[in-house]
1. Pairs Lys43/Lys71; Lys49/Lys76; Lys6/Lys76; Lys19/Lys49; Lys6/Lys49; Lys6/Lys109: which exceed 25 Å Cα-Cα?
2. Return the single residue from Thr17, Thr56, Thr40 with maximal mean-square fluctuation; model: Gaussian network over the chain, springs between Cα atoms under 10 Å.
3. Multiply the residue gap between Ile59 and Tyr12 by 0.36 nm, knock off their C-alpha separation, and tell me the result in nm, one decimal place.
4. Take the alpha-carbon centre of region 66-109, take the same for region 34-58, and report the distance between them in whole Å.
5. Using unit Cβ charges (K, R positive; D, E negative) and no other charged atoms, how large, in debye to the nearest 20, is the dipole of the chain about its Cα centre?
6. Can you put Glu77, Glu82 in order, fewest other beta carbons within 10 Å first?
7. Mean-square fluctuation check for the chain, GNM, Cα pairs under 10 Å: which of Ile53, Ile26, Ile92 is largest?
8. Can you list which of the trypsin sites (Lys or Arg not before Pro) found in region 43-107 are DSSP loop residues with at most 16 other C-beta atoms within 10 Å?
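Values in this text are rule-based calculations from the coordinates and carry no lab data. Please read these numbers as outputs of a predicted model, since none were measured by experiment. Neighbour counts run over all protein chains shown; Cβ positions are idealised from the backbone, glycine included.
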Amino acid sequence: MQWTTKGIAVFYDNPQTVKAQDLHSIAGCITDTVLTNLDTPYKSQILPKTRAIVGTFHIRSFLSNYTGTQKYYSAKESFARENKVVLAGPVIELFDMAARRVFYIAPIK
């Protein structure tokens, strides 16, 4: 069995404005091939190419996911406001554990 070192999380709510118990998200793993014939409740999906505000954060400790999220959301809001960019969907986080990085992606119109 081979384990993936890449994961994805889609966050539908802003953690700076929504209480922790009310946050909605989905999570999964990233593969190099399209998986078919998956058993319920698992799904396979290819995400379309889109314009986005992207940030990268290095994973240095178990606190990195928390601090990275806080820094990214603040920077994303400032960038969107300063550049008059309209956000167009939930934030996606891609985790690359081998590279020890988290990529934050916020689609824009």
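1. Over 25 Å apart, Cα to Cα: Lys43/Lys71; Lys19/Lys49; Lys6/Lys109.
2. Result: Thr40 has the largest fluctuation of those listed.
3. 14.7 nm
4. Between the Cα centre of region 66-109 and that of region 34-58, the gap is 16 Å.
5. Dipole magnitude for the chain comes out near 360 debye.
6. By the 10 Å Cβ count, ascending, the order reads Glu82, Glu77.
7. Comparing Ile53, Ile26, Ile92 in a Gaussian network model of the chain, the most mobile one is Ile26.
8. Answer by residue number: Lys43, Lys49, Arg51, Arg60, Lys84, Arg100.
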